[in-house]
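A quick write-up on the structure given underneath.
The values are calculated or read from the model by the stated rules, or taken from the named source; none is laboratory data. Source: prediction; values computed, not measured. Please note: Cβ atoms are built from the backbone with ideal geometry, for glycine as well, and neighbour counts cover all protein chains shown. Surface areas here come from the heavy atoms of the whole protein model, side chains and all, with no ligands, DNA or RNA. Shrake-Rupley method; radii C 1.70, N 1.55, O 1.52, S 1.80 Å.
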Amino acid sequence: MPSAVAAIPAAPSGEAEAHFSAEFTFETDCWDVHSAFASGEVDFVLLDVRSPALYAKGHVPGAINLPHGKITASKMEQWPEGTLFVTYCAGPHCNGAARGALRLARLGRPVKIMAGGITGWLDEGFSLASGEAAG
């Protein structure tokens with residue numbers, strides 16, 4: 001009797017390659033975001049889609065607070081078309097990043113999710129900034 005792991009066979013290699021390659025078009029990770037900020041090569045807008053109160057308690061340095069429910073066409077006009085957005089929320093137990101990404105996609109904006117959110121950021125050993133959003 002096979003284990004629960006092996007009971008369902010793995011996908012053929014070609015299908016697995018297509019699946020795992022596609023994942024990178026939808027998400028990035030905390031390390032890559034941190035590396036971009038550390039090197040000054042930030043070619044995306046990082047959006048913390050949690051509430052202003054949670055943002056103030058701790059957020060990824062360089063992130064802009066824009067709760068997912070407030071992502072609207074008029075709000076997005078401040079960035080040129082084609083701007084890449086990366087959303088994050090509390091972590092794997094939270095769907096806020098996906099909600100924000102869906103809103104951005106519906107507005108025709110390129111978007112990825114930062115896998116792991118705040119939980120992943122802290123797990124990598126990176127520090128958070130605190131304080132309210134400017135403006």
## Note on the structure
Net charge near Asp29 (other residues with Cβ under 15 Å of its Cβ; Lys, Arg +1; Asp, Glu -1) is -4
### Query
Based solely on its DSSP helices, what 222 nm [θ] is calculated for the chain when runs of n ≥ 4 H residues each add -39,500 (n - 2.57) and the sum is averaged over all residues, nearest 500 deg cm²/dmol?
-10500 deg cm²/dmol
### Summary
Given the candidates Gly82, Ala4, Gly40, the one whose Cα lies deepest towards the positive end of the charge dipole of the chain, counting +1 at each Lys or Arg C-beta and -1 at each Asp or Glu C-beta, is Gly82
### Task
Starting from the Cα of Lys57, draw a straight line to each of the lysines and keep only those under 21 Å, dropping any in the same chain fewer than 8 residues away.
Lys70
### Separation of the Ser13 and Cys94 label points, Cα + 7 Å toward Cβ, nm
4.1
## Note on the structure
SASA check, Arg103, accessible area w/ 1.4 Å probe, all protein chains in place, rounded to nearest 10 Å², comes out at 90
### Task
Would you kindly calculate the mean projected area, averaged across all directions, of the convex hull enclosing the Cα atoms of segment 1-109, in square nanometres?
9.7
### Per residue accessible area of the chain, 1.4 Å probe, in Å²
61
### Query
Just how large is the dipole of segment 1-99 about the Cα centre, in debye to the nearest 20, putting +1 at every Lys and Arg Cβ and -1 at every Asp and Glu Cβ?
620
